[in-house]
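Peer 1: So that we are looking at the same thing, I have put the structure below in structure tokens.
A short reminder: the numbers here are calculations on the coordinates, not readings from a lab. Everything quoted here is computed from the prediction, not taken from an experiment. Positions of Cβ are backbone-derived with ideal geometry, glycine not excepted, and every protein chain shown enters the neighbour counts.
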Amino acid sequence: MKNNPTFQASRRRFLFQLGGLTVAGMLGPSLLTPRKASAATAGEQTAVVQEGILTGSHWGAIRATVVDGRFIEAKPFEHDKFPSKMIAGLPDHVHGTARIRYPMVRVDWLRKRHLSDTSQRGDNRFVRVSWDEALDLFYQELERVQTTYGPSGLLTANGWQSTGMLHNASGMLARAIALHGNSVSTGGDYSTGAAQVILPRVVGSMEVYEQQTLLAVSPQK
């Protein structure tokens, strides 16, 4: 693990720059012009349909169909010769009931902050807060932890994400915290674990991500 060198930022500057990161992340989909958009005919309930929206996922590029702002179908990208069947589940992934769609805070923590009873974690007593309040809480905790414990009290970039920077939640979190001050980050990934650290010192290279040796061996042998 390592400390990330950065600078201290005021609350106003932190929120301003954090907003810039958010807008930058939102620009991605808006730049992908849908191939077709239509609405229901007069006399019928109006429905805005957008088809052929090009976007990406962990399982490859897709063409999305969106009806009234709801992602209803994912079709393979026309130039993908070997599309994954996993893309069929993407709409359920986006609109699944288990997805947390709004900022939520544990009730006891909201009342007492770091003095709350931590044994109550996991009892699902959470309350929804506004995005503004969530950002204020986030900033206040960064201030408290940095002041009390220093950079070693903050661990960033710890998690998983879908492919691409737009969906890289752990990367966006690391950027946000870096706007405030130093923190502890991680090295390697879940796919290969400690092998990335050990192998270069044992065999001289990181074999886990290198092309394997191909041997001309007959299948009959």
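Peer 1: Could you check the simple spin-label distance between residue 94 and residue 73, using points 7 Å along Cα→Cβ, in nm with one decimal?
Peer 2: So the two model labels end up 1.4 nm from each other.
Peer 1: For the residue pair residue 114 and residue 152, what label-to-label distance in nm results when each label sits 7 Å from Cα along the Cα-to-beta-carbon direction?
Peer 2: Result for the modelled spin labels: 1.5 nm.
Peer 1: What FRET efficiency do you get for residue 196 and residue 58 if R0 is 22 Å and r is their Cβ-Cβ distance, rounded to the nearest 0.05?
Peer 2: 0.60
Peer 1: A follow-up question, please. Given +1 on the Cβ of Lys and Arg, -1 on the Cβ of Asp and Glu, and no further charges, what dipole in debye does the stretch 77-160 carry about its Cα centre, rounded to the nearest 20?
Peer 2: Once rounded to the nearest 20, the dipole reads 260 debye.
Peer 1: Still on this structure, I have one more. From the phi angles alone, apply the Karplus equation (6.51, -1.76, 1.60; θ = phi - 60°) to the stretch 81-89 and give each ³J(HN,Hα) in whole Hz, x where the residue is Gly or Pro.
Peer 2: Per-residue couplings from phi come out as 6, 9, x, 7, 6, 5, 5, 5, x Hz.
Peer 1: Non-local amide H neighbours of residue 58 (under 5 Å, H modeled in plane, Pro and chain starts lacking H): which ones?
Peer 2: When sequence neighbours closer than 5 places are left aside, the close amide H contacts are 163.
Peer 1: Amide H neighbours of residue 63 under 5 Å, at least 5 residues apart or on other chains, H built in the peptide plane: list them.
Peer 2: Result for residue 63 returns 75, 77.
Peer 1: Can you work out ³J(HN,Hα) from phi for every residue in the stretch 135-144, in order, using Karplus 6.51 cos²θ - 1.76 cosθ + 1.60 and θ = phi - 60°, giving whole Hz and x for Gly and Pro?
Peer 2: For the stretch 135-144, the Karplus curve yields 5, 5, 4, 4, 5, 4, 5, 4, 4, 5 Hz.
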